[in-house]
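See below for the structure under consideration.
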Amino acid sequence: MQNKSIKNICCIGAGYVGGPTMSVIAANCPKLRIDVVDINVEKINSWNSNDLSKLPVFEPGLEALIKKCRGKNLFFSNKVEESIANADIIFISVNTPTKTKGIGAGFASDLKWIESSARQIAKFARKHTVVVEKSTLPVKTAETIKTILNSANKKNSIKNIENNNKTFSIVSNPEFLAEGTAIEDLQNPDRVLIGGEDDYSINLISDIYREWVDSEKIITTNLWSAELSKLVANAFLAQRISSINSISALCESTGANINEVAQAVGSDSRIGKKFLNSGPGFGGSCFKKDILNLVYLSRYYGLNEVADYWEQVVKINLWQQRRISSLVIRNLFGTLSNKKLAIFGFSFKANTNDTRESPSINISKDLLQEGAKLNFYDPKVNEKQILNEFVEIIDKENVLVSETAIKAVEGVDAVLVLTEWEEFKNLEWDTIFKLMRKPAWVFDSRNCLDKEALIRIGFKVWSLGNA
Ligand code: NAD
Ligand code: UGA
C-alpha cells in the first residue's frame, strides 16, 4: 500500500460478496487489518468455524484463503460499532433485494439495509472515513448515503465534541464476481471499477487493488457511471441468456441444434463465445433484481420504451422455466398424478450452494402443482435449504431429499437435470436406468449429459434446444 496511514478496513455484511472479497483483499494486503462484521450471529459463527466445510459460503479456493488469513489480518465478528469506529475505509456489502411492498414494490431495490448501515457509520465513525459502496445499488444511492452521513454528523457534533472531526467521502466500487468462480474472479478480475468525487479517495481504493491487479485494469469514473455500469453489466449478461434461451425453443421447433447455433454465432469475435449456454433460465440473487431495478429507474425517468425493452429479458426467463415444466408434463402423458420424479440440482448454477432465484424452485413448484412427488438431490445444497423453499406446499410427503443421486431415483418416472454439476455427467446411468419405472425419461435442461449414451442405455431423452 502506498498510503501507509491506512491500516483498518471494515466490511459491513459477511455474505457471498463480503466474505470472499475481504478474504482476497486480506490475502493480498497482509499489512491491512480487515474486520468483516454482520448482524447475523449464526453466520459469523460459521465463518469462525474450525471445520472449514461449515463456512456459510461454498466457493472453490475460499477455504484455503480463510485458513491462511483468519485470525491474522482477517476477522469475522458481530462487533459492528467497534469495527466502524476503528476503520479508515468501510465497505458496505449488505443485501439489496427487490422491494416487496410500498412504492416500487416488485421492481425497486429495498435499500433499508443500506440505510441502516449508513446510519451506523454516521453514528460510530470517529475520523475521516472513506465509505465504499460494494453492494449493487440504484444510480444516485450515494446521494442518499451522503445525506445520512452528513446530517448525523451535524447532530453528533452538538452532543459530542470528539465527533466534530469526522468526515466522509463516498466511493462506488461495484463487485463483478460470479458465484462458483468468486475467488478466481476476485484474484484475476477483467476490471475493477472505482467511481468517486475526489481523487484522494479514488486513489486510496485503487491502491488496495494495485497490490495484485494491473493498473490498466482499474477503471475510474464518476460516482453515477460506476453505480449505473454495474446494473448495465448484469442486464447485458442476462440479456444474452434470454436471447439464447429464446432461440433454444426455435431450435426444438425447426431441427436446428442450440449448441451448434451458439458455436456458429459466438465464433464471430464481435459477439463472443461466452455466456451463450442455453438452460432453464438464469437464477441467482442478482440478475432479476438488477434488471427490475433498471426497469424501475427507466420508468422513474419517464423512459418507458427503455423500461419495456429490459423487462422483456425477465419475461423470457420466466417463460423458459414454464416452458420446461410444461414439456415435462406433456411428455409424461399429460399428468403427474402418482408419478415420482428425481430433481438433480437445486443450486442456481454449479459450484455454489446458493439457491436464491434458482430455476429449480419455479420448475419444481409447477411439477408439484400437477401432483408429482419429487425427490431432490444436490451435491452442495442441504435438506433444510431445499425444504425451506416449499414451506407452503400442502402435501409435505411429496417433497423428499436424498443424500445421493442413486438414492433419489428409486422407482421414479423421470430424472430432471436442472443444475450442471460435473458429478451428474459421471453418474452410473445404467444403474439409474435399472432403478427407474419404465419408460424412463431424462430431461436435460442444461444440455450437459451424453444424449446418445443415454439413448443407448434405453432412456427416453429430451435435451434443451434439440429437436
Ligand atoms: P448476502 O445476503 O449474502 O449478504 C449480505 C449480508 O449483510 C447478510 O449476511 C446480512 O445479515 C448483512 N447485513 C445486512 N444489514 C446489515 C447491517 N446493517 N449490519 C451488518 N450486517 C448487515 O448478500 P450478497 O450476495 O453478499 O450481496 C450483497 C450485495 O452485493 C448485493 O447488493 C448484491 O446485489 C451484490 N452482489 C452480489 C453478488 C453475488 O454473487 N452474490 C455479486 C456481485 C454483487
Ligand atoms: C452474475 C454475474 O455473472 C456477475 O458478474 C455479477 O457480479 C453477479 O451476477 C452479481 O451481480 O450478483 P452469478 O449470478 O453469480 O453472477 O452467476 P452467473 O455465472 O452469471 O450465472 C447466473 C445465472 O445464469 C445462472 O443461473 C447460470 O446457470 C445462468 N447462465 C449463465 C446460463 O443459463 N447460461 C450461461 O451461458 C451463463
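The values are calculated or read from the model by the stated rules, or taken from the named source; none is laboratory data. Note that this is a predicted model, so its numbers are computed, not measured. Neighbour counts run over all protein chains shown; Cβ positions are idealised from the backbone, glycine included.
Rundown of residues vs (1) at pLDDT 95 or above; (2) surrounded by 23 or more Cβ atoms within 10 Å (Cβ to Cβ); (3) touching a His at 6+ places or on another chain (Cβ under 7 Å), yes/no style:
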position	(1), (2), (3)
LYS72	yes, no, no
ALA87	yes, yes, no
GLY104	no, no, no
VAL139	no, no, no
State whether one or more residues within the range 393-413 are over 20 Å from ASN331 (Cα atoms), in contact (Cβ under 8 Å) with a residue 60 or more places away in the chain and of a type in the set (D, E, K, R).
no
Would you kindly identify the strands (runs of 3 or more DSSP E) lying entirely within the range 167-263 that contain at least 1 residues that are more than 16 Å from ligand 1 (Cβ to nearest atom) and in contact with a Phe, Trp or Tyr (Cβ under 8 Å, 6 or more places away or on another chain)?
167-172, 218-221
Among the candidates SER77, SER93, SER46, which residue alone is modelled with pLDDT of 95 or more, within 16 Å of ligand 1 (Cβ to nearest atom) and closer than 30 Å to ALA235 by Cα?
SER93
Looking only at the range 400-446, which residues are over 25 Å from the mean Cα position of the chain (by Cα), closer than 13 Å to LYS340 by Cβ and crowded, with 20+ Cβ neighbours inside 10 Å?
ALA408, VAL409, VAL412, ASP413, ALA414, VAL415, MET436, ALA440, TRP441
Of the residues in the range 351-375, those that are within 11 Å of ligand 2 (Cβ to nearest atom) and of a type in the set (Asp, Glu) number 2
Within the range 55-69, the residues that are among the hydrophobic types (A, V, I, L, M, F, W, C) and free of Cβ contacts under 8 Å to residues at least 40 places away in the same chain are LEU55, ALA64
Test ILE114 against the criterion of being in contact with a helix residue (DSSP H, G or I) (Cβ under 6 Å, 6 or more places away or on another chain), β-branched (Val, Ile, Thr) and either over 30 Å from TYR300 (Cβ atoms) or modelled with pLDDT of 95 or more (or both), and give yes or no.
no
Out of all the residues in the range 312-332, is one or more crowded, with 19+ Cβ neighbours inside 10 Å, assigned to a loop (DSSP other than H, G, I, E, B) and out of contact with any Ser or Thr (no Cβ under 9 Å at 6 or more places or on another chain)?
yes
ALA235 fails exactly one of (1) in contact with a Leu (Cβ under 7 Å, 6 or more places away or on another chain); (2) more than 13 Å from ligand 2 (Cβ to nearest atom), namely (2)
